[in-house]
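Q: Quick one: the structure is below, questions incoming.
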Amino acid sequence: MRHELHIDTHVHLYDCFNLKAWVQHALTNLNVSESVQGALILVDRQGQDSFVRFRREVPEFAVWDESSISDELSIGTIRYQGRELFVLPGVQYVTSERLEVLALGSPRLVSDGVSIETVIEKSLSVPALVCLPWSPGKWLGKRGRCIRSIVSNRSSMELCLGDISVHGRFWPKSVILNECMKRGFACFAGTDALNRPKDCKLVGSFGVSCNVEGPISAQELIYVVRSLSTTSYMSWGRPNGFFTSVERFISSFL
C-alpha cells in the first residue's frame, strides 16, 4: 500500500525547547497518521549530540528506540500515543567561508572552520546527502560568489540546495536557488528554527513529501533520504507568514 512520507529536512533541537512539546508539534505539523509517516532530519551543531537528550528525556513520556545503520549512525524512533516519528541524524557545519553545509544522514566528520570543499568531500565519502541551505544574507557578496563557484563545479548528483521557512510565502526565492533549480538541482524545504522558545512549534511545518511503498522502517529511511535528490518529491507544508518571516529574519541577525 502506498504511503506518504513527510520530512522536515532542516531541524534543530535547542535547550530552550521543551522536548515533549517539540515531539507533539512535529507529529501534528507532519500530519502523521495511518497513511502518513513523519521524519525529521536533525542537524546538530558542533558540540551537540541530541540523541543523548532523546535517550534521557523521551522515556519520560514516550517510547524511544534506535536502529543501528552503522557503528557511528543510528536512526531514532519516537512512539507517542499510537503515532510514530523518525529522527534521522545529520550535521550542520559552519565552514571557513562562514557558510553552512548540511550533511543529512551522517555523523560529524570534521570540525567547523574548515573549507567548504573539505566538508563536501568528506560528507560525500560517507555517503551523505550534502545540502547547501539558503540563509538570510549569507548568499550575497563574496559568500554568494563562493556558492556560485561551488555549484558550477559540482553536479546535481553531488549536491542539493535547501530552502527554509523564514523565506516566507510572499518573498521570491533567491536568484541562486532559482538558477540551480533550473539546472536540475534538487531544493529541499525545512524549518531551520531559531534558538528561542516560540520556534519550538515550527518543527515539521515545512519540508518535502514523497510516496513510498509503506510503511517503511527506520532502516529503510536512510536510503529514501540519500536518494531524495533523484526521487520525485514535492515541497510540503507552509513557510512562515509575512510578519513571522520579518520577525524571524530580524532575530537571525541579533
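The values are calculated or read from the model by the stated rules, or taken from the named source; none is laboratory data. Since the structure is predicted, the reported quantities are computational estimates derived from the model, not experimental observations. Positions of Cβ are generated from backbone atoms using ideal geometry, with glycine treated the same way; all protein chains shown enter the neighbour counts. For the accessible areas, the whole protein counts, side chains as well, though only heavy atoms, and no ligand, DNA or RNA atoms are used. Shrake-Rupley method; radii C 1.70, N 1.55, O 1.52, S 1.80 Å.
Q: Compute, for the stretch 134-214, the length of the dipole vector about the Cα centre, with Cβ point charges of +1 (Lys, Arg) and -1 (Asp, Glu) only. Units Debye, rounded to 20.
A: In debye, rounded to 20, the stretch 134-214 gives about 460.
Q: Name the shape class, rounded, prolate or oblate, that the alpha-carbon gyration tensor gives for the stretch 119-250, where a ≥ b ≥ c are the square roots of its eigenvalues, rounded holds for a/c under 1.5, and otherwise prolate holds if a/b is larger than b/c and oblate otherwise.
A: Oblate is the answer for the stretch 119-250, as a/c is 1.5 or above yet b/c matches or exceeds a/b.
Q: Have a look at 24, 78, 68 and report the one farthest towards the positive end of the charge dipole of the stretch 1-114, computed about the Cα centre with Cβ charges (Lys/Arg +1, Asp/Glu -1).
A: Value: 24.
Q: Pairs of alpha-carbon atoms within less than 8 angstrom and 6+ residues apart define the contacts here; what relative contact order does the stretch 91-155 have, in percent?
A: 30
Q: In whole percent, what relative contact order does the chain give with Cα contacts below 8 Å and a gap of six or more residues?
A: Relative contact order of the chain: 25 percent.
Q: Heavy-atom accessible area of residue 149 with all protein chains present, probe 1.4 Å, nearest 10 Å²?
A: Approximately 60 Å² of residue 149 is accessible to the 1.4 Å probe.
Q: Also, I was wondering about something else. Run down the lysines and flag those whose C-alpha is under 30 Å from the C-alpha of residue 198, throwing out any fewer than 8 positions away in its chain.
A: 20, 138, 173
Q: Each residue of the stretch 176-184 in turn: what ³J(HN,Hα) in whole Hz from Karplus with 6.51, -1.76, 1.60 and θ = phi - 60°, glycine and Pro shown as x?
A: For the stretch 176-184, the Karplus curve yields 5, 4, 4, 4, 5, 5, 5, 7, x Hz.
Q: How do 20, 138 rank by accessible surface area computed with a 1.4 Å probe, from largest to smallest?
A: Largest accessible area first, the list is 20, 138.
Q: Rounding to the nearest 20 debye, state how big the charge dipole of the chain is about its Cα centre with +1 on each Lys and Arg Cβ and -1 on each Asp and Glu Cβ.
A: Roughly 920 debye for the chain.
Q: Give the carbon-plus-sulfur fraction of the accessible surface of the stretch 1-143 in %, rounded to a whole number; probe 1.4 Å, heavy atoms of protein chains only.
A: Carbon and sulfur: 46 percent of the exposed surface of the stretch 1-143.
Q: For the stretch 1-89, what's the relative contact order in percent, using C-alpha pairs closer than 8 Å and at least 6 residues apart?
A: Value for the stretch 1-89: 30 percent.
Q: May I pose another question? Would you tell me the accessible area of residue 64, worked out with a 1.4 angstrom probe on the heavy atoms of the protein chains, in Å² to the nearest 10?
A: Taking all protein chains as shown, residue 64 has close to 40 Å².
Q: Another question about this same structure. Any chance you could look up the accessible area of residue 213 with a 1.4 Å probe, heavy atoms only, rounded to 10 Å²?
A: In the full protein context, residue 213 sits at about 120 Å².
Q: Suppose all protein chains stay in the model; what accessible area per residue would a 1.4 Å probe give for the stretch 102-254, in Å²?
A: 47
Q: Sort 214-226, 100-112 for me by packing, meaning the mean count of neighbouring Cβ atoms within 10 Å per residue, highest on top.
A: 100-112, 214-226
Q: Pick from 73, 161, 132 the residue whose mean-square fluctuation is largest in a GNM of the chain, springs joining Cα atoms under 10 Å.
A: 73
Q: Right, next: What shape does the stretch 2-41 take by its C-alpha gyration tensor, where a ≥ b ≥ c are the square roots of the eigenvalues and a/c under 1.5 counts as rounded, a/b above b/c as prolate, and the rest as oblate?
A: oblate
Q: For 8, 71, give the ranking by accessible area with the largest first, probe 1.4 Å.
A: 71, 8
Q: Which percent, nearest 5, of DSSP beta bridges in the chain are antiparallel?
A: Restricted to the chain, the bridges split so that about 60 percent are antiparallel.
Q: Measure off 7 Å from each Cα along the Cα-to-Cβ vector at residue 227 and residue 111, then give the distance between these two points in nanometres to one decimal.
A: 3.8
Q: Using only the Cα atoms of the chain, build the gyration tensor, take square roots of its eigenvalues as a ≥ b ≥ c, and label the shape rounded, prolate or oblate: rounded if a/c is under 1.5, else prolate if a/b is larger than b/c, else oblate.
A: Rounded, because the longest to shortest axis ratio a/c is under 1.5.
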